[in-house]
Structure formats: C-alpha cells, structure tokens
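Below: the structure, in structure tokens.
What follows draws every value from the coordinates through simple rules; no lab data is involved. Everything quoted here is computed from the prediction, not taken from an experiment. With ideal geometry, Cβ positions are generated from the backbone for all residues, glycine too; neighbour counts draw on all protein chains shown.
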Amino acid sequence: MSEGWWHDDSRTAPGARPPVLAGRGAHRGRTLVRPAEHRRAGDGGALRFRPAEVSSASAARGFVKSVVEEYARTSPVDERAVMDLMLVVSELVTNAIRHGDGLAGFEVAVEREGLRLRVHDYSDTFPAAAYGPGTLPQTHEGSGYGWPLIIRLTREIRIDRRREGGKTVSVLAPLT
C-alpha cells in the first residue's frame with residue numbers, strides 16, 4: 001500500500017466522521033483521512049485518467065481547458081469554478097517543476113463531483129504546507145500562497161509516494 005494522506009470534505013453520512021491522522025486537524029469541514037478509506041463516486045471506483053504530455057503550467061491549463069469544454073457539452077459548468085480550477089492546475093504543475101525535481105506526469109479524470117487531477121513529480125519530499133489549514137500567509141517569508149489556495153479551492157487532496165520514486169499529488173476540483 002502506498003503511503004499517503006487525504007485532505008477530504010466528502011459528503012459523509014450524518015454523524016459519521018473518518019478517522020483523523022495524528023497531529024492533523026480539520027479545517028472548514030475538511031479532514032485528513034487514511035488513503036484506504038477513500039470512496040470514489042461514479043462507476044464503482046474505476047476512473048479513466050487521461051494522461052497529457054505537458055511540460056509547463058500553460059500546457060497543463062490548455063489540456064484541462066479542452067477536457068472541461070468537452071465535459072461542458074453535456075453537464076453544467078460554473079465559470080468561476082473553472083477559473084479556480086485553472087489556478088489549481090497552475091499551482092500544482094509549478095510546484096512539481098520548482099519544488100518536486102521536475103514534472104513526471106499529468107493526468108485528468110472526470111468525476112460526477114468535478115475534475116480529478118494527478119500531478120507526478122520526482123521528489124520524495126511531501127510539501128509541509130499541504131498539511132496546513134489553508135490560511136493565507138501574512139508575509140512572504142517561507143511558504144507562499146500556492147498550497148493555501150489549493151487547500152481552499154479543492155475538495156480532496158491526496159499525496160502518495162510513487163513506486164519508481166517521487167510522489168503523486170491528486171486533487172478533486174469541483175466544476176459547479
């Protein structure tokens with residue numbers, strides 16, 4: 001089993017709370033839960049990820065835009081949610097390039113709740129800011145705005161180690 005963690009505000013049954021990982025708290029209805037307990041909506045858990053050959057945030061945004069345009073032909077899409085999604089794509093890909101020893105892969109899957117993005121990089125280091133509450137920094141010392149924005153604009157965040165080295169950051173971004 002891969003090591004990882006979830007940042008999740010999925011719609012759980014009333015009163016049911018997923019277990020919180022030691023040392024981590026909840027933020028605005030989001031909880032860190034163990035990876036094995038993730039439930040996928042849709043077709044029994046099997047997602048069809050579309051890999052993209054991208055080497056920049058701009059190319060990743062272009063690919064995601066084409067996926068969203070295709071999705072919008074049959075399902076409602078909120079323009080503001082798409083703008084938020086583009087910001088998330090930019091932050092994740094830029095983080096992989098600048099802090100993750102390079103972009104190792106980029107994939108997108110459509111779910112009923114939105115778009116799931118997977119960004120692969122070559123670094124085994126998990127970003128400390130990803131464990132934060134999503135509070136925007138008061139100064140520009142240390143971490144910037146990237147992870148707080150990702151935490152605020154996505155419903156789920158998962159970070160897993162890759163067998164071949166590095167890690168995968170997976171997020172679910174709503175489209176409505």
FRET efficiency, A59 to T135 (Cβ-Cβ, R0 30 Å, nearest 0.05): 0.45
Mean Cβ count within 10 Å, highest first, over the residues of peptides 84-96, 147-159: 84-96, 147-159
Pairwise FRET efficiency - L47 versus Y122, Cβ, R0 = 25 Å, nearest 0.05: 0.60
Chymotrypsin sites (Phe, Trp or Tyr not before Pro) within region 117-169: DSSP coil, no more than 14 neighbouring Cβ in 10 Å: Y145
Inter-probe distance in nm under a simple model that places probes 7 Å from Cα toward Cβ, at E70 and I97: 2.3
Region 103-141: GluC sites (Glu not before Pro) in DSSP loop, at most 15 other beta carbons within 10 Å: E141
